[in-house]
Amino acid sequence: MYLDKFLTEYDDSLSSELNIDPLGVLVIWSAFGQAIFKGRVNSISNDVRNYTLNLFHHYVLKSLVEDDAVLLGSALHKRYSSKADLNFRYACLIHLENLFVYSMLAHESSAGADTVGVLGISKARRRWNESHHNPLISFGHEGDCQVLVRQTMLGVSGRYKTPMIEMKFFDREYRYDLPGGEPQWSRVEELVAKTPSLQSLYTQLRTYLQQLIAQSSARELKFNVEAVSRSLQLAYVEAFSTPAFVGSYSREFWLAVTELDRGAAGALYRVLQKSLNNPRAEKLSPPELFAKASEDPSLDAAEKDRIAHICLLEPLLTELDLMFTLMLTDKRQPLEQAAEAWSQLGRNKQTLPRLAAEIENQPSMFSVLSDTGRKRLRQLLDVSKEPSIECQMRALHDYHCRVMERRGQLPWLRLGDNTLHLDVAARRQPTREQRGWANNYYVPQFKNLLLGLWGVTA
């Protein structure tokens, strides 16, 4: 039976953060964040060790699938049509990820290995302890071969797949021979060749995997971790001991292939770098960070606009978030009371319209958004233009209900007889600066990646 009959196209109006995004603004602000970082950084792809580990595994796999002298043994020929079979490639990536995590566990106390941030470490540790430090490891793409549930999605290869596709290393079927991809792989080859720990690991891993996939008996595809040579395990630990160490040898490589030191991302990079180099400097707030980045003389008009758009958008999104939070502070609250709380925080009926007008004066902002994002932003602008605070709150309530209905969920609050009734826990009464920021545009994730690249322990 073909799953295509049951699967649908990705719908960006349905958020994975359903319980923390009641106004459905993730699809708006994330688009502006990705316009700056060009898909290189997101909420699950922001660790230099995992970035490098994933690409290294693909480099090993690429060398095997492109080598005509490397053949599948009869044991694997029964399961995979050829090395081009996507499930075979999944199996290789899963197996390499499992080798890495168990190598880190085997030597974490003696080789300076930092297991914090290693994907799958908790489940692997449980198996490690239950098996008296000698768990079974299998080669295959099936669930019983995976340390993580749905490892092809939630493991290193799954979480870091999209950035690699954006950088032209491969496509969604893990095909490596893409137009424009050769220069990228040449850079990887150069990185491995000049990094002794990577070169040593590559040599051992290539031999290990070539011998494994050539096995004629299915029994040879299952074995305990102790059967993996100590030398190979230690080579893994040496090459990927900590994010800071990985960053120390891969910084120039990643800056070259991600281009995160260029354009708007580069402007943020330089501001953050100055802050790191001056520990006495005050920590910059998000508005201050973006304001300083906008002053970078290297920015062209288009890249400067990427920063300016966020500086226009976020104050409105934050104020709408604040208004909605005020509507959630009591299980039963007259609308008039919520409106008064808005006024007590120094806001008035012109706060939202003024911010909305700044966005409407920049029509080019809407081109960044998907259809869903454009629709929601326009609806929020309409909410903001209502003539009074109470009307704005009514409109925001109605907008929230539409977002939740689209998700197939119940709204967080109901409005009847000019009274708000909560169906969720009441929120604490907020106090917030006039133009604070509620959304992060992937800056914390960017900073985490940079700390690794700069060889700094987070």
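The values are calculated or read from the model by the stated rules, or taken from the named source; none is laboratory data. Note that the structure is a prediction, hence the values are computed from the model and not measured. All Cβ positions, glycine included, derive from the backbone under ideal geometry; neighbour counts span all protein chains shown.
Considered as a group, the residues in the range 283-307 that are hydrophobic (A, V, I, L, M, F, W, C) and under 25 Å from G346 (Cα atoms) include one that is surrounded by the most Cβ atoms within 10 Å (Cβ to Cβ), and that residue is F290.
When we screen T162, T207 for residues that are of a type in the set (S, T, Y), without any contact (Cβ under 8 Å) to a residue 24 or more places away in the chain and out of contact with any helix residue (DSSP H, G or I) (no Cβ under 7 Å at 6 or more places or on another chain), the only hit is T207. Of all the numbered requirements in (1) surrounded by 17 or more Cβ atoms within 10 Å (Cβ to Cβ); (2) among the aliphatic types (A, V, I, L, M); (3) over 27 Å from the mean Cα position of the chain (by Cα); (4) not in a helix (DSSP H, G or I), L71 misses one, and that requirement is (1).
All of L53, L61 fail the test of being over 19 Å from S250 (Cα atoms), assigned by TED's automatic domain parsing to the domain that holds S250 and modelled with pLDDT of 95 or more, apart from L61. With respect to being small (G, A, S) and within 17 Å of V246 (Cβ to Cβ), S82 falls outside the description.
With respect to L268, determine if the residue is more than 26 Å from F170 (Cβ to Cβ), part of a helix (DSSP H, G or I) and modelled with pLDDT under 95. Steps first, answer last, please.
On the way: more than 26 Å from F170 (Cβ to Cβ): yes; part of a helix (DSSP H, G or I): yes; modelled with pLDDT under 95: no.
So L268 does not fit the description; no.
For the range 200-219, filtering for residues that are loosely packed, with under 15 Cβ neighbours inside 10 Å and either modelled with pLDDT of 95 or more or within 25 Å of L449 (Cβ to Cβ) (or both) leaves 3.
Test of understanding: among E319, E282, which residue is at pLDDT 95 or above, charged (D, E, K, R) and assigned by TED's automatic domain parsing to the domain that holds V383? On inspection, the qualifying residue turns out to be E319.
When you go through L316, L345, L413 one by one, which is the residue that is touching a helix residue (DSSP H, G or I) at 6+ places or on another chain (Cβ under 8 Å), surrounded by 15 or more Cβ atoms within 10 Å (Cβ to Cβ), in contact (Cβ under 8 Å) with a residue 40 or more places away in the chain and within 19 Å of N439 (Cα to Cα)? Walk me through it before giving the result.
Numbers: L345 fails: within 19 Å of N439 (Cα to Cα); L413 fails: within 19 Å of N439 (Cα to Cα).
So the residue among L316, L345, L413 that is touching a helix residue (DSSP H, G or I) at 6+ places or on another chain (Cβ under 8 Å), surrounded by 15 or more Cβ atoms within 10 Å (Cβ to Cβ), in contact (Cβ under 8 Å) with a residue 40 or more places away in the chain and within 19 Å of N439 (Cα to Cα) is L316.
Taking the conditions (1) farther than 22 Å from R219 by Cβ; (2) in contact (Cβ under 8 Å) with a residue 12 or more places away in the chain; (3) not hydroxyl-bearing (S, T, Y) in turn, R127 satisfies each one other than (1). The residue list L209, L148, L198, L178 contains one member that is outside any loop (DSSP other than H, G, I, E, B) and either more than 15 Å from F56 (Cβ to Cβ) or touching a His at 6+ places or on another chain (Cβ under 9 Å) (or both), which is L209. Residue by residue through the range 169-181, note down the ones that are surrounded by fewer than 17 Cβ atoms within 10 Å (Cβ to Cβ) and modelled with pLDDT of 95 or more. Listed by number, the residues that qualify are D171, R172, E173, R175. Residue-level analysis places R159 outside the set of residues that are farther than 17 Å from F56 by Cα and at pLDDT 95 or above.
Taking into account only those residues within the range 240-265 that are of a type in the set (D, E, K, R) and part of a helix (DSSP H, G or I), which is surrounded by the most Cβ atoms within 10 Å (Cβ to Cβ)?
So in the range 240-265, the residues of a type in the set (D, E, K, R) come out as 251-252, 259, 261-262.
With the extra rule that they be part of a helix (DSSP H, G or I), the set shrinks to 251-252.
Numbers: R251: 17, E252: 12.
Of everything passing the filter in the range 240-265, R251 is surrounded by the most Cβ atoms within 10 Å (Cβ to Cβ).
Of all residues in the range 114-126, those being of a type outside the set (V, I, T) and surrounded by fewer than 20 Cβ atoms within 10 Å (Cβ to Cβ) number 6. Within the range 35-55, being farther than 22 Å from L191 by Cβ and polar (S, T, N, Q) holds for N42, S43.
May I ask you to list the residues in the range 32-53 that are aromatic (F, W, Y) and more than 24 Å from N98 (Cβ to Cβ)?
Here is the first cut: in the range 32-53, the residues aromatic (F, W, Y) are 32, 37, 51.
Answer for the range 32-53, where residues must be aromatic (F, W, Y) and more than 24 Å from N98 (Cβ to Cβ): F32, F37.
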